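This report refers to the structure that appears directly beneath it.
The values are calculated or read from the model by the stated rules, or taken from the named source; none is laboratory data. Given the structure is predicted, the values throughout are model-derived calculations rather than measurements. So basically every Cβ, Gly included, is an ideal-geometry build from the backbone, and we count neighbours across all protein chains shown.
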Amino acid sequence: MDNAIHTFGAFVLPIVTNFIVLFYSSVAYRRSKRTVFAVWIAASVLSLVSILALYGLRNSKSSVEQHGLWLFWSLDYIVAAIIGTYGIILLMRHVLSQTTIKPHA
């Protein structure tokens, strides 16, 4: 049971959610050409690479290989999180600029 929960939480759910974000970000980027969607595409791709590294880490037998994959996974996760957060900030700034009531001159 623990292995099933770990597999779902570490692999299945992140893969599904990243593909959903990748799909909608790609469609939105093609329609709007906004930087925020290109940033989310990059973050999703990095997250998918990170999941593959985590899967490799799970099946690794060598401690040197485990250390390398763990370091790669950690750095990739950090970069993907920073890029994803930057994308959220860009989207919030855009939405706020469109919805903020501007005083009449």
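Evaluate segment 48-60: report whether one residue or more is over 22 Å from residue 85 (Cα atoms), of a type in the set (S, T, N, Q) and not in a loop (DSSP other than H, G, I, E, B). Yes, there is a match, as at least one residue in segment 48-60 is over 22 Å from residue 85 (Cα atoms), of a type in the set (S, T, N, Q) and not in a loop (DSSP other than H, G, I, E, B). Taken across segment 1-12, residues that are touching a Ser or Thr at 6+ places or on another chain (Cβ under 8 Å), touching a residue at least 24 places away in the same chain (Cβ under 8 Å) and assigned to a helix (DSSP H, G or I) do not occur at all.
Within the option set 75, 54, being within 23 Å of residue 12 (Cβ to Cβ) and more than 12 Å from the chain's Cα centre (by Cα) holds for one residue only, 54. Among residues of segment 16-37 that are under 18 Å from residue 89 (Cβ atoms), those with a Cβ under 8 angstrom from a residue that is of a type in the set (S, T, N, Q) and part of a helix (DSSP H, G or I), sequence gap 6+ or separate chain, pair up as 21/44; 25/44; 37/25; 37/26. Among the residues making up segment 79-105, those that are modelled with pLDDT of 90 or more and surrounded by fewer than 13 Cβ atoms within 10 Å (Cβ to Cβ) are 82, 85, 89, 92, 93. Restricting attention to segment 50-76, the residues being crowded, with 17+ Cβ neighbours inside 10 Å and either β-branched (Val, Ile, Thr) or within 20 Å of residue 17 (Cα to Cα) (or both) number 6.
Conditions (1) at pLDDT 90 or above; (2) touching a Phe, Trp or Tyr at 6+ places or on another chain (Cβ under 9 Å); (3) of a type in the set (D, E, K, R); (4) at positive phi, marked per residue:
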residue	(1), (2), (3), (4)
17	yes, no, no, no
37	yes, yes, no, no
42	yes, no, no, no
59	no, no, no, no
65	no, no, yes, no
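Regarding residue 88, is this residue within 18 Å of the chain's Cα centre (by Cα) and of a type in the set (A, V, I, L, M)? Yes; evaluated as a whole, the condition is true for this residue.
Taking the stated definitions as given, is residue 78 among the aliphatic types (A, V, I, L, M), more than 22 Å from residue 7 (Cα to Cα), assigned to a helix (DSSP H, G or I) and out of contact with any strand residue (DSSP E or B) (no Cβ under 9 Å at 6 or more places or on another chain)? Judged against the criteria, residue 78 is not a match.
Note on segment 1-36: among residues that are of a type in the set (A, V, I, L, M) and more than 18 Å from the chain's Cα centre (by Cα), the one that is farthest from residue 52 (Cα to Cα) is 1.
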